[in-house]
Structure formats: C-alpha cells, structure tokens
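The values are calculated or read from the model by the stated rules, or taken from the named source; none is laboratory data. Predicted model only: the values in this text are computed from it and were never measured. Don't worry about glycine lacking a Cβ; one is built from the backbone with ideal geometry, like all the others, and counts go over all protein chains shown.
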Amino acid sequence: MNLITLDTNCLIDVEEERQGYEYVIGLKSLCQQEIIEIAIPAIIASEKKVKNQSITNFDEFKEFLANIGFEGFQLLLPPLFYGLTFWDYSMWASKETEALIIEIHNILFNKSVTFESNDYENLTKWKNEKCDVLMLWSHIHYQRDFFITRDRNFHKQSKKKDLIKLGAKSILTPEEAFVYFSKVG
C-alpha cells in the first residue's frame with residue numbers, strides 16, 4: 001500500500017474548490033479503492049482557520065474534515081509545542097525529533113530556527129513556517145511514502161532533493177500523485 005500524506009493546501013483546495021481540487025478528491029477515491037492510504041498531519045489544525053478564526057478546539061478541526069469529506073483518515077501527531085499544537089493531539093519530542101525539525105527548517109527556510117517567538121509582528125509567518133516543518137516532520141516520522149503538496153517551496157529542486165535525503169521519500173503535487181496512482185492502480 002502506498003502511504004501518502006496530504007498537506008494543508010490540499011484540504012483548503014477541497015474546501016474552497018480551488019483549481020486542481022479534483023485531484024485531491026481523486027486521491028480520496030483511490031484511497032477508497034485501497035490503492036493508497038491517506039493520512040493527515042494533525043498540525044494542520046494549528047494553521048487552519050475556520051471563518052477567519054484560529055481553531056481553538058481540536059473538535060473544530062475534526063468538524064472541518066467532516067465538512068469536506070475527509071474525516072476518518074489517520075491523523076499524524078506532531079511533537080508538542082506549547083501554544084502551537086493541541087495537547088491531546090501531540091507527542092513528546094526527543095533530541096532526535098528536535099534535530100530533524102531543525103534540519104527540515106533550515107532546508108525549507110534557509111535560516112536558523114527559533115523555538116520561541118516573542119516577535120508578534122512576525123508571529124503568523126513564524127507559525128506558518130513551523131507548521132510546514134511539522135507537517136513534513138510528521139510525514140517522515142511516520143515513515144510515509146509520498147508527501148502531497150502544491151506548495152512550491154517543497155518542490156524547489158535545491159530543497160526537494162535534501163528533503164528526500166532526510167526521509168521524505170517522494171514529494172508530489174496532487175495532480176502528479178493522482179496521475180501516478182491512477183496508472184499504478
């Protein structure tokens with residue numbers, strides 16, 4: 001079974017019916033046919049907004065997933081970050097976890113990571129970067145095969161090969177994934 005991880009943009013594309021959302025729906029159909037297995041990083045709840053408000057209760061995220069037809073998929077728990085992740089949907093971090101988070105962050109954002117942010121003007125950017133890092137960390141930690149995202153930052157050749165070396169295995173757009181798995185199935 002091919003293990004895929006969907007990123008935030010995949011779910012937002014479905015919610016807003018953005019261009020290409022049909023490929024994400026197609027991946028769901030391939031999952032129902034047992035060609036692939038979908039998982040969703042729980043860190044998405046920390047980044048996703050519902051009605052322009054940050055999610056404050058993980059049940060709101062579950063409701064969002066149900067509303068777009070993506071409930072019931074495995075949730076990949078991130079390491080616990082106070083003020084960012086949800087206590088019951090996180091795990092304790094180890095030294096190895098912290099090291100991998102720093103490596104991913106340095107590849108994606110070309111700068112040193114800080115785990116605390118007192119700069120409230122840049123808090124949204126910090127949070128977005130941290131969530132991107134933790135989505136990929138979750139994918140690698142749970143030994144998933146294909147990370148599905150349309151975020152160009154993950155697809156830059158200068159970054160993609162290094163992320164794959166860290167354990168991402170394969171990074172595809174929803175369209176690339178759908179075309180590939182439609183042929184495999």
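Counting just the residues of the range 120-141 that are modelled with pLDDT under 95 and among the hydroxyl-bearing types (Ser, Thr, Tyr), which one comes out surrounded by the most Cβ atoms within 10 Å (Cβ to Cβ)? Top of the filtered list is THR124. A count restricted to the range 40-71 and to residues that are touching a residue at least 40 places away in the same chain (Cβ under 8 Å), within 22 Å of LYS127 (Cα to Cα), out of contact with any Phe, Trp or Tyr (no Cβ under 6 Å at 6 or more places or on another chain) and not charged (D, E, K, R) stands at 6. The helices (runs of 4 or more DSSP H) falling completely within the range 145-185 that include 3 or more residues that are under 16 Å from MET135 (Cβ atoms) map to 152-155, 157-163. Within the range 142-167, the set of residues being buried (at least 20 other Cβ atoms within 10 Å of the Cβ) and closer than 17 Å to PRO79 by Cα comprises ARG144 only.
Residue count for the range 90-108 under the criterion of being in contact (Cβ under 8 Å) with a residue 12 or more places away in the chain and either closer than 16 Å to ILE164 by Cα or buried (at least 19 other Cβ atoms within 10 Å of the Cβ) (or both): the result is 8.
Which is within 30 Å of VAL184 (Cα to Cα), modelled with pLDDT of 95 or more and touching a His at 6+ places or on another chain (Cβ under 9 Å), of ALA66, ALA39? Can you show your working first?
Details: ALA66 fails: touching a His at 6+ places or on another chain (Cβ under 9 Å).
Of the residues listed, the single one that is within 30 Å of VAL184 (Cα to Cα), modelled with pLDDT of 95 or more and touching a His at 6+ places or on another chain (Cβ under 9 Å) is ALA39.
Of all the listed residues (SER158, SER117), the sole one being modelled with pLDDT under 90 and not aliphatic (A, V, I, L, M) is SER117. The residue of the range 140-185 that is farthest from GLU34 (Cα to Cα), among those that are under 13 Å from the mean Cα position of the chain (by Cα) and hydrophobic (A, V, I, L, M, F, W, C), is PHE154. Take ALA66 and tell me if it is under 12 Å from the mean Cα position of the chain (by Cα) and aliphatic (A, V, I, L, M). Judged against the criteria, ALA66 is not a match.
The number of residues in the range 72-83 being without any contact (Cβ under 8 Å) to a residue 40 or more places away in the chain and either assigned to a helix (DSSP H, G or I) or crowded, with 18+ Cβ neighbours inside 10 Å (or both) comes to 1.
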